[in-house]
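To start, the structure under review is shown below, and the notes come after it.
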Amino acid sequence: APRPATAVADGGGGGGTSIPTFLGDSVDSLEYVVTLGIGTPAVQQTVLIDTGSDLSWVQCKPCGAGECYAQKDPLFDPSSSSSYASVPCDSDACRKLAAGAYGHGCTSGAAALCEYGIEYGNRATTTGVYSTETLTLKPGVVVADFGFGCGDHQHGPYEKFDGLLGLGGAPESLVSQTSSQFGGPFSYCLPPTSGGAGFLALGAPNSSSSSTAAAGFLFTPMRRIPSVPTFYVVTLTGISVGGAPLAVPPSAFSSGMVIDSGTVITGLPATAYAALRSAFRSAMSEYRLLPPSNGAVLDTCYDFTGHTNVTVPTIALTFSGGATIDLATPAGVLVDGCLAFAGAGTDDTIGIIGNVNQRTFEVLYDSGKGTVGFRAGAC
């Protein structure tokens, strides 16, 4: 298919596209997934969407015993696709990969292939052959020569999805690889419950080329970390519980928060988390607090047995520039009966805004404008 014309400079005319996203309970996951077509003919693969990493990958045949985790769909077989190509070791594409976070080396043998390697924050790893393939986002919307990893060695805590779709800011991500096709901005809405559909949209929202670009969105500046181009960073300035602001100095948030669709639980710096936990527990005092389970990240979990109506206080996050969002209640506050926040190191540690807090918002990332936008009630 011919490629669409290059987007205009403001990203407003990129001829964007949108596909559904779902809570990954069908693949035993609390992450969010989309289903794409890979190869020619296209084979459906269900992959986790991750703004906290760049290189996309799927598990590929052949995969020796114990080298791939159990997934829901059959493994992708590159030998059955007429558009699959492995990237040679001695190529610009491989050298660029090797210079970044994802280069791993080369396979042995005369026709050496480019290898990639990734280790995630949860210690899960994937390695395999860096490759190109035709990616079908939906019928008639095709990304040619999409660089991705054909994974033949995965270890760690994986659920049953088929791979991962990287939406970070580095050159290897889907967003970067398609910026000339759809424009740079992208957004998604993560549905609050299983079964409901949200969306992943590449290109600016439909209204963006008009004067009502910001219709319904609250914007905050996006920070980037030059040494880690993957991450989209925003700055929290305050949190309130039940309408009452927490007494947390802004300095407690100064390192910023990575907004990450591929992390479930929000990790707050210590001072902020202690204040949030105290206020939330106080507001939830009529419910039975469960003892923290051994080694569990979540320490504020409730037994709601016998309660037909559970009242959860609103939690609002305020960002630099004044944008304040009320998290969806209870879907954006509780996960499996637990407060979906945890402590994440000292106050000079960078935090993470996980996907539970993002539920029901359209989250719009616009690197060109240097903003992140939030639109409530979008799915």
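The values are calculated or read from the model by the stated rules, or taken from the named source; none is laboratory data. In this text the structure is predicted, and so the values were computed from the model without any measurement. Reconstructed Cβ throughout: ideal geometry from the backbone, glycine too, with neighbour counts over all protein chains shown. When the accessible area is computed, the model is the full protein with side chains, heavy atoms only, and any ligands, DNA or RNA have been set aside. Shrake-Rupley method; radii C 1.70, N 1.55, O 1.52, S 1.80 Å.
Which of the following residues is at pLDDT 95 or above and open to solvent by 40 Å² or more (accessible area, probe 1.4 Å): Ser261, Ser282?
Ser282
Starting from segment 351-379, keep only residues that are touching a residue at least 12 places away in the same chain (Cβ under 8 Å), then list their pairs with residues that are of a type in the set (Asp, Glu) whose Cβ atoms are within a distance under 6 Å, requiring at least 6 positions of separation or different chains.
Hits for this filter: Ile352/Asp260; Arg375/Glu362; Ala378/Glu362.
Considering only residues that are surrounded by fewer than 17 Cβ atoms within 10 Å (Cβ to Cβ) and either in contact with a His (Cβ under 9 Å, 6 or more places away or on another chain) or assigned to a loop (DSSP other than H, G, I, E, B) (or both), which ones fall in segment 78-96?
Ser82, Asp90, Ser91
All but one of (1) modelled with pLDDT of 95 or more; (2) farther than 28 Å from Leu364 by Cβ; (3) open to solvent by less than 60 Å² (accessible area, probe 1.4 Å); (4) in a loop (DSSP other than H, G, I, E, B) hold for Ala274; state the number of the condition that does not hold.
So Ala274 meets the others, but not (4).
Output the residues belonging to segment 97-123 that are open to solvent by 30 Å² or more (accessible area, probe 1.4 Å) and hydroxyl-bearing (Ser, Thr, Tyr).
Thr107, Ser108, Tyr120
Residues are listed down the side, and each one gets a yes or a no for (1) open to solvent by 20 Å² or more (accessible area, probe 1.4 Å); (2) modelled with pLDDT of 95 or more:
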{"site": "Asp303", "(1), (2)": "yes, yes"}
{"site": "Gly306", "(1), (2)": "yes, no"}
{"site": "Ile315", "(1), (2)": "no, yes"}
{"site": "Pro330", "(1), (2)": "yes, yes"}
{"site": "Gly354", "(1), (2)": "no, yes"}
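Considering each residue of segment 183-232, count those that are at pLDDT 95 or above, more than 18 Å from the chain's Cα centre (by Cα), of a type in the set (A, V, I, L, M, F, W, C) and open to solvent by less than 60 Å² (accessible area, probe 1.4 Å), and give that number.
Adding up the residues that qualify gives 1.
Here is a check on your reading of the model: is Phe341 touching a residue at least 60 places away in the same chain (Cβ under 8 Å) and among the hydrophobic types (A, V, I, L, M, F, W, C)? Working first, answer last.
On the way: touching a residue at least 60 places away in the same chain (Cβ under 8 Å): yes; among the hydrophobic types (A, V, I, L, M, F, W, C): yes.
Yes, satisfied.
Where residues in segment 65-74 are in contact (Cβ under 8 Å) with a residue 40 or more places away in the chain and open to solvent by less than 90 Å² (accessible area, probe 1.4 Å), which of them is nearest to Gly37 (Cα to Cα)?
First pass over segment 65-74, keeping only residues in contact (Cβ under 8 Å) with a residue 40 or more places away in the chain: 67-73.
Subset that is open to solvent by less than 90 Å² (accessible area, probe 1.4 Å): 67-71, 73.
On the way: Glu67: 24, Cys68: 20, Tyr69: 21, Ala70: 20, Gln71: 16, Asp73: 12 Å.
If we take residues in segment 65-74 being in contact (Cβ under 8 Å) with a residue 40 or more places away in the chain and open to solvent by less than 90 Å² (accessible area, probe 1.4 Å), then Asp73 is nearest to Gly37 (Cα to Cα).
Looking at Pro20 and the list (1) modelled with pLDDT under 95; (2) open to solvent by 40 Å² or more (accessible area, probe 1.4 Å); (3) under 28 Å from Ile353 (Cβ atoms), which single condition is not satisfied?
Only one criterion is unmet by Pro20, namely (1).
Do any strands (runs of 3 or more DSSP E) entirely within segment 141-207 hold 3 or more residues that are more than 30 Å from Pro62 (Cβ to Cβ), and if so, which?
In segment 141-207, 186-189, 198-202 are the strands (runs of 3 or more DSSP E) which contain 3 or more residues that are more than 30 Å from Pro62 (Cβ to Cβ).
Could you tell me whether any residue of segment 151-165 is closer than 21 Å to Ser91 by Cα and buried (at least 24 other Cβ atoms within 10 Å of the Cβ)?
Checked segment 151-165: at least one residue is closer than 21 Å to Ser91 by Cα and buried (at least 24 other Cβ atoms within 10 Å of the Cβ).
Which condition number does Glu119 fail, the rest of (1) touching a strand residue (DSSP E or B) at 6+ places or on another chain (Cβ under 7 Å); (2) touching a residue at least 24 places away in the same chain (Cβ under 8 Å) being met?
(2)
Quick check, is Ala247 open to solvent by 60 Å² or more (accessible area, probe 1.4 Å) and more than 29 Å from Tyr120 (Cβ to Cβ)?
Yes; evaluated as a whole, the condition is true for this residue.
Within the set of pairs 6+ apart or on separate chains, which have a first residue in segment 175-200 that is on the phi > 0 side of the Ramachandran plot and without any contact (Cβ under 8 Å) to a residue 12 or more places away in the chain, a second that is open to solvent by less than 40 Å² (accessible area, probe 1.4 Å) and in a strand (DSSP E or B), and C-beta atoms under 6 Å apart?
Going by the 6 Å Cβ cut-off, there are no qualifying pairs.
Each row is one residue, and each column tells you yes or no for (1) within 30 Å of the chain's Cα centre (by Cα); (2) not β-branched (Val, Ile, Thr).
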| residue | (1), (2) |
| --- | --- |
| Tyr287 | no, yes |
| Ala296 | yes, yes |
| Val310 | yes, no |
| Thr318 | yes, no |
